[in-house]
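Inspection log for the structure reproduced underneath, given as structure tokens.
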Amino acid sequence: MKRDLVSIIDVKDDLKELVRLAIDMKGEQKDGLQMSPFNGKVLGMIFEKPSLRTRVSFDVGFTQMGGTALYLSPKEIQIGERESTYDVAKVLSRFVDMIMYRAFDSKNVEELARHADIPVINGLDNVEHPCQAVADFMTMTERKGDLKGLKLAWVGDGNNVLHSLMLGGAILGMNVTAACPEGFEPDEGIVKKAKRIGEDTGTRVEITGSPEEAVEEADVIYADTWVSMGDEEEKEKRLEIFRPYQVNMGLFNKAKGDAIFMHCLPAHRGQEVTDEVMDHKRSAVFDQAENRMHAQKAIMIRLAGLR
Ligand code: CP
Ligand code: NVA
């Protein structure tokens, strides 16, 4: 049966192995030992929203493995408008070997995956960003070793990136505490799911309103934009509400002395994070960006059943 990555839960049973594979493949590429398992294969990339990292890392990564990546803009495909998601899934399955889809609505990603005969990878939707989370756990493992028992503190909006990190953290045995303003907490259903997984792995998932409380004893502090793609209408209101949730040196210093700072990027310097923190020697943001490519190569290899 074909495998998809719509939610990080789809790789629940092999997330740790996937992170390991990504680290191994990064090493192989740097040592010039890369193979071309996707020779003659095509990756279709559908984007309904802008992207730097996701677009470039998928394209470059798939090309490095011998394949060709095809960028499909929203104007061309118009999923659900020009034709149904079902028909797009069936047609694309006849042309390409794998699909990466960045969408506004998670239901479209689920539907495309359900009907496509080839693997579908969620390149971010309104609910999750699983590729980001795999790359982030890879970066954390590179910096911190075994993640079991470590504390990840999220400061800001209860959004898609947090959802994937929270679920993935619980799977890998990391404690996750998110500090979010009232009304901007993560989805209740996802929090419940993460807590349930945490019961099996012996980890805590907590939501608080206080950034100081979240970062106490934290090994990793994570920030993301206060205004995600699709939330632009609320921009002014959000910038006001989120102001106390800025990760600055005052807050960074309240975490463990060897805590690292992470951000999925794009960052808004001076809003959710200051220059000092972004450019700090314990900031991992550009490793995270690079690791998107290695992680996604591992994801594609794994979904294709090649390793
Ligand atoms: N972090 C991330 O997904 O970046 P892009 O939106 O630029 O792809
Ligand atoms: N939460 C952000 C992540 C961007 C990579 C958004 O959805 O816009």
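What to note about this one:
- Residues in the range 150-155 carry Karplus couplings, in order, of 6, 10, 9, 10, 9, 10 Hz; the curve used is 6.51 cos²θ - 1.76 cosθ + 1.60 with θ = phi - 60°, and Gly or Pro positions show x.
- For Asp219, solvent-accessible area (1.4 Å; no DNA, RNA or ligand), Å²: 10
- Per-residue accessible area (protein heavy atoms, 1.4 Å probe) orders Thr68, Thr141 as Thr68, Thr141, starting from the largest.
- Positive dipole terminus of the chain, leading residue within Trp226, Gly145, Ser73 (C-beta point charges): Gly145
- A 1.4 Å probe run over the protein chains yields, for the range 215-307, 44 Å² of accessible area per residue, whole-number rounding.
- Using a probe of 1.4 Å, the accessible surface attributed to Val161 totals some 10 Å² when neighbouring protein chains are kept in position.
- For Lys90, a cut-off of 13 angstrom between C-alpha atoms picks up these aspartates and glutamates, skipping any fewer than 8 places away in its own chain: Glu111, Asp117.
- Distant-in-sequence amide H partners of Leu5 (H built 1.01 Å from N, under 5 Å): Val120, Ile121, Asn122
- Over the range 127-171, accessible surface divided per residue gives 18 Å², non-protein components excluded, 1.4 Å probe.
- Its Cα centre serving as origin, the range 49-122 has a Cβ charge dipole (Lys and Arg +1, Asp and Glu -1) of approximately 220 debye.
- Using C-alpha pairs below 8 Å separated by at least 6 residues, the relative contact order for the range 1-108 is 31 percent.
- For the pair the range 32-47 and the range 227-290, the centres of their Cα atoms are 33 angstrom apart.
- Separation between Cα centres of the range 175-193 and the range 53-113, rounded to whole Å: 29
- In the chain, the portion of solvent-accessible area held by carbon and sulfur atoms comes to 48 percent [1.4 Å probe, whole percent, DNA, RNA and ligands not counted].
- Nonlocal amide H pairs with Met229, under 5 Å, H built at 1.01 Å: none
- Protein-only accessible surface at a 1.4 angstrom probe places the residues Arg3, Arg302, Arg143, Arg20 in the order Arg20, Arg143, Arg3, Arg302, largest first.
- Of the two radii for the range 148-303, the radius of gyration is 0.95 times the Kirkwood radius, both from the alpha carbons; that is the Rg over Rh value.
- Nearby lysines by direct alpha-carbon distance to Lys49 (threshold 20 angstrom, same-chain neighbours under 8 apart not counted): Lys75, Lys107, Lys235
- Subset of Lys2/Lys148; Lys151/Lys193; Lys195/Lys237; Lys151/Lys254 violating a 23 Å alpha-carbon distance limit: Lys2/Lys148; Lys195/Lys237
- All aspartates and glutamates inside 20 Å of Lys26 as judged from Cα atoms, apart from same-chain residues fewer than 8 positions distant: Asp14, Glu17, Asp59, Asp136, Glu142, Asp146, Asp287, Glu290
- Loop-located chymotrypsin sites (Phe, Trp or Tyr not before Pro) in the range 88-121 (DSSP state other than H, G, I, E, B) with a sparse environment of at most 15 neighbouring Cβ atoms within 10 Å are absent.
- Accessible-area value, Ser73, 1.4 Å probe, nucleic acids and ligands omitted, Å²: 20
The values are calculated or read from the model by the stated rules, or taken from the named source; none is laboratory data. Keep in mind that this is a model prediction, so the values were computed, not measured. Please note: Cβ atoms are built from the backbone with ideal geometry, for glycine as well, and neighbour counts cover all protein chains shown. SASA here: full protein model, heavy atoms, side chains in, ligands and nucleic acids out. Shrake-Rupley method; radii C 1.70, N 1.55, O 1.52, S 1.80 Å.
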